[in-house]
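What follows is a single structure, written as structure tokens, with notes after it.
What follows draws every value from the coordinates through simple rules; no lab data is involved. Given the structure is predicted, the values throughout are model-derived calculations rather than measurements. Cβ placement follows ideal geometry from the backbone for every residue including glycine, while neighbour counts extend to all protein chains displayed.
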Amino acid sequence: MHWLTEDQKDTIRLFATSTPDRETCGFVLESGETLQVPNIASDPVNEFEISAEHYARFDDQIKGIWHSHLRLAGFSPLDQSVMASDTLPWAVYCLRDNSFHQCDPTTTAPLEGRPFVFGVYDCYSLVSDALKQMGVELPSWQRGCWGEWNTPEFNSFDLEWHNVGRAVPNGVYQPGDILLMNLGDHPGHTDHVGVFTTSKHFMHHPVGGSSRLQTFGGYWARRLNWVIRPFALWSN
């Protein structure tokens, strides 16, 4: 997840602060060199775009892509829609709070403290990675498009969990049990998932935030639809 060196971050910070009224962007090369290239977006205050010519010029030398945000501390929905189909590491530097946010799809990130990147670091990928550490492989679940989870028609999780495990009926939970919750504006379906780490604590990855450990109960219990246990974790 943390693929930038301190020297590379310092260089990006200098590029970004030298043009504080628009987003800056560029590449980190395999050699370690950090480059700035022109931002050709039509709205450079809120977006960035790198020309095809610059991509072609550096081509197989590119290790990762970076850009800056003036205020947003994290990857924007537009960033995430592009990153979900990219295999390169990305990083964004926020001028407002001097923070870096990084994503490297070529490595498995730590479970706690991931930035939210839909399709790469999101609630289901966190559950999948946590269970993989327990020797349980989950299939890919359909997530739809960015934001589609918060629509009444989104039912992918409710349809697919039956192929992964079965419901825990007695409220006695164990590590590896999957929470299916509704946190959005439309009750009656599952739009968020997490995974128990103990009988009373679970990990999850909220939209726009970092993945984190929570104590189960209260708000989370009220938002719970189901808890399922993967087939491989049932003792009988």
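Using Cβ point charges alone (K and R +1, D and E -1), the dipole size of the chain about the Cα centre works out to roughly 1040 debye. With viscosity set to 1.567 mPa s and temperature to 4 °C, compute the Stokes-Einstein D of the chain, Rh being the Kirkwood radius across alpha carbon pairs; µm²/s, no decimals. D = 67 µm²/s. Charge tally for HIS186 (other residues, Cβ to Cβ under 15 Å; Lys, Arg +1; Asp, Glu -1): -4. Each residue, CYS145 and LEU29, gets one label point 7 Å from its Cα in the Cβ direction; the gap between the two is 3.8 nm.
Please give every one of the lysines within straight-line cross-link reach of LYS9, meaning a C-alpha to C-alpha distance under 30 Å, and leave out same-chain neighbours fewer than 8 residues apart. Filter leaves LYS63. Site pair VAL45 and ASN98 shows an inter-label distance of 2.6 nm when each label is modelled 7 Å from Cα along Cα→Cβ. Potential lengthening of the chain between TYR219 and ALA56 amounts to 53.7 nm, from the contour at 0.36 nm per residue minus the alpha-carbon distance.
Comparing SER211, SER31, SER156 in a Gaussian network model of the chain, where Cα atoms under 10 Å apart are tied by springs, the biggest mean-square fluctuation is seen for SER31.
Among beta bridges identified by DSSP and lying wholly in region 6-103, the antiparallel ones come to about 75 percent.
What does the charge count around ILE65 come to, taking other residues whose C-beta lies under 12 Å from its C-beta (Lys +1, Arg +1, Asp -1, Glu -1)?
Once all neighbours under 12 Å are counted, the net charge is -3.
If you take the alpha carbon radius of gyration of region 6-103 and divide it by 2.2 N^0.38 Å, what ratio comes out, to two decimals?
After normalising by residue count via 2.2 N^0.38 Å, the value is 0.97.
Other residues whose C-beta falls under 14 angstrom from the C-beta of ASN170 contribute a net charge of +1, scoring Lys and Arg +1 and Asp and Glu -1. Evaluate E = 1/(1 + (r/R0)^6) for TRP234 and THR107, where r is the Cβ-Cβ distance and R0 equals 35 Å; express this FRET efficiency to the nearest 0.05. After rounding, the FRET efficiency stands at 0.65.
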